[in-house]
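Below is one structure, written out as structure tokens; comments come after it.
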Amino acid sequence: MTTRAKRRIDDLGRFGGDPFFDSPRHVGQLNFPEWDRFRAGMQGIFDRRFFTNHGPKVRELEERLADHLGVRHVVCMTNGTLALTVAARALELTGSVAVPAFTFIASVQALSWAGLDPVFCDVDPVTHNISARTVREALTGDVSAILGVHLWGRPCPVDELSALASERGMKLFFDAAHAVGCSLGGRMVGGFGDVEVFSMHATKVLNSAEGGFATTDDDGLADAMRTIRSFHRDEKFTEVPLRINAKMSEAQAVMGLLSLEDLPRNCRRNAELHALYRERLCCLPGFDVVAFDEREANNHQYLIVDVDADGAGLSRNDIVLLLEGERVLARRYFTPGAHRCPPYRDDFPQYLDALPVTDRLSERLLQLPLGEGITVADVEGICALIRFFVENAAAIRPRLEGGHRGAKA
Ligand code: T4K
């Protein structure tokens, strides 16, 4: 790895200097199994000449995930977005669903594909998740369910949301795309609410390249999801009006099985890098690293920093621009909030100025690289860069405001 230390602000990539890193540092986990293990798994597919339609590898992955999470049923699907849509259809929801606006847009678009309208809720400023209070404040007459999102892998307050759902006769399900391997009160995420839905996208700590799955302890719901996810004639457990092709392929399942084997190792590695980031950034003014409850199981796959521009001397957006100049591809997750994204900003304008915590977080949070491609030296380098930005904020800020020579590609 070649890195270039910064001595003056003219050395910054943003102002025409050479980037610190010689190749991009991404935010995704991008865990790759060893090639020989992947080849051995794929060899079985070639030998059996069986590519898809709930083959042996998909069934094995479903069983292993069910064991790992302590749930009765796992239903594997093409990706997390389709798994959410299928779950919403299986729950037979109607009208609207209460959902946080502070989430990846897929949480909400999946509802739209299921023919449901969002009722946007604000989130708690500390947990970044919905609470019974924020849902209650948003509820309207036709809300048939709550969709909680365990953001960054930190579980929603499940008990209070369950109590609210029972009180109002609503279903409760969770978008657990970030939360594989995380627990609440010692119980693994996967068994909460009516259904929970996970993503196994390439950027996740558990990955099948593309992929997702739904978990439930309810036999009827599992049957409904298995039927809805496929037009295949052998997959008909229950009567449903509409079906879709949301099947997981055997190749995805091979990748998912290998990734499940590697999950403990990858979580441990994330935890180490997460701790190093915290140690290096905690004493910088205006920087607050989002922490996890270390009494619980965590996957530590998201390194999220809350940047206070007054304390740091630079805004979150300034930091992203400056890091980009050094080939550090930090992300503004989740900016803007879903209520400000099409089609919702036009279809539901009543939410535009109604979600102050979501708006505030979406202006301040920053995701930094953490995953297989990121080394201890990378973390040290990224933190040293950020320290340099903050220590030289007074000189950097006017240069950013007054325009600059673009960063080298
Ligand atoms: N609910 C929530 C709360 C979610 O966060 C997500 C997905 C979903 C539902 C839906 O689940 P899926 O339908 O996706 O299974 C990424 C992922 O695409 C998405 O899965 C994830 N959440 C979201 C938070 O992040 P992008 O578009 O912001 O990231 P992307 O794909 O550009 O990748 C990040 C970086 O990694 C890039 O700089 C490029 C690099 N990269 C990426 C891939 C895929 C690589 O170097 N190699 C690769 O193969 O959405």
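The values are calculated or read from the model by the stated rules, or taken from the named source; none is laboratory data. What you see is a predicted model; the values in this text were computed from it and never measured. In this analysis, Cβ positions are derived from the backbone assuming ideal geometry, glycine residues included, and neighbour counts consider all displayed protein chains. Each accessible area value is taken on the protein alone, full model and side chains, heavy atoms only, with ligands, DNA and RNA left out. Shrake-Rupley method; radii C 1.70, N 1.55, O 1.52, S 1.80 Å.
For Ala209, are the conditions met, namely being among the aliphatic types (A, V, I, L, M), farther than 18 Å from His68 by Cα and open to solvent by 30 Å² or more (accessible area, probe 1.4 Å)? Yes: the conditions hold for Ala209. Among the residues of region 183-197, those identified as within 16 Å of the chain's Cα centre (by Cα) and either closer than 22 Å to Ser144 by Cβ or within 13 Å of the ligand (Cβ to nearest atom) (or both) are Val189, Glu196, Val197. Applying the selection to region 303-354, what residues are of a type in the set (A, V, I, L, M, F, W, C), assigned to a helix (DSSP H, G or I) and over 22 Å from the mean Cα position of the chain (by Cα)? Passing the criteria: Ala309, Ala312, Leu321, Leu322. Taken over region 150-174, the residue count meeting the criterion of being open to solvent by 10 Å² or more (accessible area, probe 1.4 Å) and within 16 Å of the ligand (Cβ to nearest atom) is 2. Any residue that is of a type in the set (Ser, Thr, Tyr), within 16 Å of the ligand (Cβ to nearest atom) and in contact (Cβ under 8 Å) with a residue 24 or more places away in the chain - is there at least one of those in region 67-78? Yes; the residues of region 67-78 include at least one that is of a type in the set (Ser, Thr, Tyr), within 16 Å of the ligand (Cβ to nearest atom) and in contact (Cβ under 8 Å) with a residue 24 or more places away in the chain. Counting only residues that are assigned to a loop (DSSP other than H, G, I, E, B), open to solvent by 30 Å² or more (accessible area, probe 1.4 Å) and either closer than 28 Å to Cys182 by Cα or of a type in the set (S, T, N, Q) (or both), region 224-248 holds 3 of them.
Listed by first and then second residue, the pairs with beta-carbon distance under 7 Å, at least 6 apart or on different chains, first residue in region 314-334 and more than 14 Å from the ligand (Cβ to nearest atom), second open to solvent by less than 50 Å² (accessible area, probe 1.4 Å) and at pLDDT below 95, are Asp318/Leu400; Leu321/Leu400; Gly325/Ala407.
If you check Met200 against the conditions, is it touching a residue at least 40 places away in the same chain (Cβ under 8 Å), closer than 30 Å to Leu370 by Cα and within 16 Å of the ligand (Cβ to nearest atom)? When the stated conditions are applied, Met200 passes them. Against the numbered list (1) among the aliphatic types (A, V, I, L, M); (2) within 11 Å of the ligand (Cβ to nearest atom); (3) part of a loop (DSSP other than H, G, I, E, B), Leu147 comes up short only at (3).
Scanning region 110-146 for residues that are at pLDDT 95 or above, open to solvent by 10 Å² or more (accessible area, probe 1.4 Å) and polar (S, T, N, Q) yields a total of 4. The one condition from (1) within 12 Å of the ligand (Cβ to nearest atom); (2) within 13 Å of Ala90 (Cβ to Cβ) that Gly211 does not meet is (2). Restricted to region 23-109, the set of helices (runs of 4 or more DSSP H) holding at least 2 residues that are open to solvent by 10 Å² or more (accessible area, probe 1.4 Å) and of a type in the set (S, T, N, Q) comprises 80-90.
Among the residues of region 230-276, those identified as in contact with a strand residue (DSSP E or B) (Cβ under 9 Å, 6 or more places away or on another chain) and of a type in the set (A, V, I, L, M) are Ala246, Met248, Ala253, Leu273.
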